[in-house]
Amino acid sequence: MSARSESSWEKVPRLPAGHFVSGLVYTDPDVYQDEIDNIFSKAWRFACHESELPEPFDYRLVDHAGQSLICIRGEDDEVRTFLNVCSHRGGKLLTEPSGNARLITCFYHRWTYDSLGACTGIPRPSGYSKEVAKDSMGLRGLRTAVKHGLVFIALDEGAPDLDTFIGLALDQFSEMLGTTLLEVFHYNRAVLDCNWKAWHETNMDLYHEFMHAVLRQTQVGAMPMEDRRLITFENGHGGSGGDLKAAYDGYKSFAGRGGDVPPLPGTDPTDFRFVDLFPSTAIIARGTVVRIDTATPLGPDKTLLEMRGLGVKGESQEHRQARQRHHNQYWGPFGRNVPEDMIAAEACADSFRNQAGRYQIIARDENLTGQDDAILRAFYKEWGDRTGRDPGNPIDPATA
Amino acid sequence: MNDLKRLLEREAVRPLIGGAGLALDDGDFARFLGYCDDPFNYRIRVWSPDLKKDMTWLEHDREGLIELFKSLPEHLQRQGRLHRQVTVATVEPSNVDGFLVVTSPFVVHHTNLEGQTHTLAVGRYIDIVNMIDEKIVLTARDVMLDTRDLGIGLHVPI
Ligand code: FES
Ligand SMILES: [Fe+2]
């Protein structure tokens with residue numbers, strides 16, 4: 001056999017529909033705009049963890065679909081979300097990424113808002129007709145719902161409720177996230193030169209275990225591939241369907257990991273479980289510590305990643321330090337795994353940017369065991385349903 | 001006499017901090033460890049304005065660093081070269097006799113395989129330097145990073 005010819009390279013793969021994806025889904029500006037309009041402006045999305053807003057009036061800014069949002073705990077303890085935009089002339093209201101704001105005062109003409117989103121003050125209101133009055137000048141509110149401590153938001157007022165959207169996808173995390181108060185101890189952002197899906201694919205693709213030195217040595221052989229269980233859910237979510245195992249002794253400096261701090265509720269130090277929530281949030285637990293990452297598209301070729309690490313709220317300093325250590329072994333900007341995933345996402349973006357790469361193959365069929373690509377296929381099925389485009393041929397020649 | 005002592009300390013510290021930086025730039029980790037005490041403690045710390053908390057992003061003792069350096073060839077790493085611009089700013093006595101606290105602002109530039117250079121990170125080294133023995137060495141390094149977006153991140157100490 002020899003290298004492939006031009007026609008062979010560019011030909012649509014002879015694979016069943018859904019088993020390959022065109023490179024254009026990462027680069028085409030119209031496809032991108034469709035994603036913003038039909039996915040990010042419509043679906044529920046993870047915004048932050050409840051522990052980031054412990055007290056009334058605590059707020060957290062969130063980037064979403066090109067917009068800045070304020071998640072704030074009201075004086076009634078409820079978490080609400082607003083566009084971070086003044087009703088008057090569009091002043092950006094809050095700029096610090098987090099804080100406590102009993103009153104939100106716009107810097108520009110000093111209109112004020114409260115934690116329920118109501119406009120509470122307009123200087124010299126007498127200059128306006130009755131159309132411009134406090135009563136009608138509140139902030140734009142967004143739907144907000146909290147599940148197992150995770151705060152989700154939706155721009156679309158017509159979206160089905162959060163429970164319907166999530167379905168059973170968070171069940172394997174309900175004990176871990178929902179029975180003990182957890183707390184975010186790690187947060188970092190990184191802007192990558194790649195499409196948001198290229199990042200999220202690193203979470204959905206198990207086959208790339210082979211890329212990571214740590215996973216080659218601790219995970220690939222830790223249990224028979226056919227005993228692994230993967231699962232896909234309605235609405236494009238997927239994840240582990242039973243715990244995968246890690247054998248830390250395979251990687252010398254991880255040996256003994258987990259002996260120094262109790263695992264999170266409902267798990268074992270050597271358990272590995274994950275869920276990939278559509279469109280772009282992954283929750284990954286490795287026994288003693290859990291990571292939540294979210295990808296926010298900034299452009300077809302730019303993605304904001306936010307990574308959180310969580311431990312148990314109120315735990316001893318010793319336990320916290322151990323969890324932090326376990327977190328940093330795999331994750332964070334100096335982790336052994338995360339930089340490798342980022343390199344992978346940017347490297348594939350390089351290939352698709354000028355259409356050198358034409359298709360990516362997601363055709364591993366292992367009956368939801370081993371390193372099946374079923375989670376990727378479930379994602380792209382939902383992606384296709386929402387954008388009205390075929391992931392294998394997103395620019396239909398008939399309508400282009 | 002005291003002034004002279006301080007001056008000599010400062011002069012002794014400069015090639016230590018500078019040499020350790022050059023060793024890291026060269027990826028010569030054995031040479032870097034030659035500048036470090038046994039025991040040695042290394043941390044990368046970052047203040048999070050998002051969480052209003054201090055974070056630790058990397059922490060190793062000497063053995064941990066040795067294991068990390070040994071494992072590097074197996075890992076997929078950022079390619080190219082780092083260049084640390086380190087300036088020793090202050091050299092102060094610590095509250096333990098014979099040890100100094102040395103604060104050095106730094107800028108790390110990354111040069112990629114195409115030869116383009118960009119700023120990767122800025123911050124400060126807060127070093128504890130052991131002056132007791134003839135060999136002047138780093139006993140502890142806290143890297144206080146200002147930069148929080150490190151792009152694809154790093155497998156090696158800053
Ligand atoms: S823009 Fe906010 S008060 Fe005028
Ligand atoms: Fe990975």
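Note on A:Q33 and B:L72: the model spin-label points, each 7 Å out from Cα along the C-beta direction, lie 4.7 nm apart. Ordered by 1.4 Å accessible area with all protein chains kept, B:R10, A:R325 run largest first as A:R325, B:R10.
Net charge in the neighbourhood of A:A282 (other residues with Cβ under 12 Å of its Cβ; Lys, Arg +1, Asp, Glu -1) is -3.
Within the accessible area of the protein assembly as shown, the carbon and sulfur atoms contribute 51%, probe 1.4 Å, all protein chains present. Magnitude of the charge dipole for chain B, about its Cα centre and with charges confined to Cβ atoms of Lys, Arg (+1) and Asp, Glu (-1), is about 380 debye. Entry comment: accessible area of the range B:2-145 is 50 Å² per residue, from protein heavy atoms only and a probe of 1.4 Å.
With Cα atoms as the point set, the range B:2-145 shows a radius of gyration and Dmax of 15.9, 50 Å. In this structure, the residue pairs whose Cα-Cα separation is over 27 Å, taken from A:K197/A:K313; A:K245/A:K302; A:K42/A:K381; A:K147/B:K52; A:K147/A:K381, are A:K197/A:K313; A:K245/A:K302.
If a/c stays under 1.5 just call it rounded; otherwise compare a/b with b/c (prolate if a/b is bigger, oblate if not). Do that for the protein assembly as shown, with a ≥ b ≥ c from the square roots of the Cα gyration tensor eigenvalues. Verdict is oblate for the protein assembly as shown.
Averaging sequence separations of C-alpha pairs under 8 Å and six or more residues apart, then dividing by the length of the range A:45-163, give the relative contact order as a whole percent.
This gives 25 percent for the range A:45-163.
Sequentially through the range A:119-128, phi angles give Karplus couplings (6.51, -1.76, 1.60; θ = phi - 60°) of 7, 10, x, 10, x, 6, x, 5, x, 9 Hz, Gly and Pro residues having no value and appearing as x. Sum up the charges of everything whose Cβ sits under 14 Å from the Cβ of B:N130, counting Lys and Arg as +1 and Asp and Glu as -1, but leave B:N130 out. Computed value for this residue: -4. With only the Cα atoms considered, the range A:1-136 has a convex hull volume of 196 Å³ per residue. Since only A:S98, B:I66, A:P391 are under comparison, the one whose Cα sits farthest along the positive direction of the charge dipole of the protein assembly as shown, derived from C-beta charges on Lys, Arg, Asp and Glu, is A:S98. The packing ranking, built from the mean of other Cβ atoms within 10 Å per residue, places the peptides A:64-72, A:257-265 in the order A:64-72, A:257-265, highest first. Using only Cα atoms, tell me the angle between helix B:62-71 and the longest principal axis of chain B; keep it within 0 to 90° and round to the nearest 10. It works out to around 30 degrees. Ordering B:T139, B:A121, B:V13 by the projection of their Cα atoms onto the charge dipole of the range B:2-145, which places +1 on the Cβ of Lys and Arg and -1 on the Cβ of Asp and Glu, puts B:A121 at the extreme positive end.
Kindly provide the helix-only [θ] at 222 nm of the protein assembly as shown, computed as the sum of -39,500 (n - 2.57) over DSSP H runs of four or more divided by all residues, to the nearest 500 deg cm²/dmol?
For the protein assembly as shown, the value works out to -6500 deg cm²/dmol.
Rolling a 1.4 Å probe over the protein heavy atoms leaves A:S174 with an accessible area of roughly 40 Å².
To the nearest ten degrees, helix A:374-387 and the longest principal axis of the Cα atoms of chain A are 40 degrees apart. Note the angle between two axes, namely the Cα long axis of helix B:2-25 and the longest principal axis of the Cα atoms of chain B, as a number of degrees from 0 to 90, rounded to the nearest 10. For helix B:2-25, the angle is close to 20 degrees. One Cα centroid belongs to the range B:1-24, the other to the range A:134-210; the line between them spans 50 Å. Computed from point charges on the beta carbon alone (+1 for Lys and Arg, -1 for Asp and Glu), the dipole magnitude for chain A about its Cα centre is near 840 Debye.
What net charge do the residues around A:A159 carry, taking every other residue with its C-beta under 9 Å from that of A:A159, with Lys and Arg at +1 and Asp and Glu at -1? Net local charge, A:A159 excluded: -1. Cysteines in chain A that lack a partner Cβ within the 4.7 Å cut-off: A:C48, A:C71, A:C119, A:C194, A:C348.
Considering only A:N84, A:N188, A:N203, the mean-square fluctuation computed in a Gaussian network model of chain A, springs between alpha carbons under 10 angstrom, is largest for A:N188. Remark: spin-label model distance A:D171-B:K53 equals 3.1 nm, labels positioned 7 Å along the Cα→Cβ axis.
Measure out, as a whole number of angstrom, how far apart the alpha-carbon centroids of the range A:94-113 and the range B:49-92 sit. Between the Cα centre of the range A:94-113 and that of the range B:49-92, the gap is 37 Å. Take the accessible area of chain B alone and of chain A alone, subtract that of the pair, and you get about 2800 Å² summed over both chains, using a 1.4 Å probe.
Of interest is the spacing of the C-alpha centroids, which for the range B:99-123 and the range A:343-400 amounts to 38 Å.
The values are calculated or read from the model by the stated rules, or taken from the named source; none is laboratory data. Here the structure is a predicted model, which is why all the values come from computation and not from measurement. Neighbour counts are summed over all protein chains in view; Cβ atoms, including those assigned to glycine, are modelled from backbone coordinates with ideal geometry. SASA here: full protein model, heavy atoms, side chains in, ligands and nucleic acids out. Shrake-Rupley method; radii C 1.70, N 1.55, O 1.52, S 1.80 Å.
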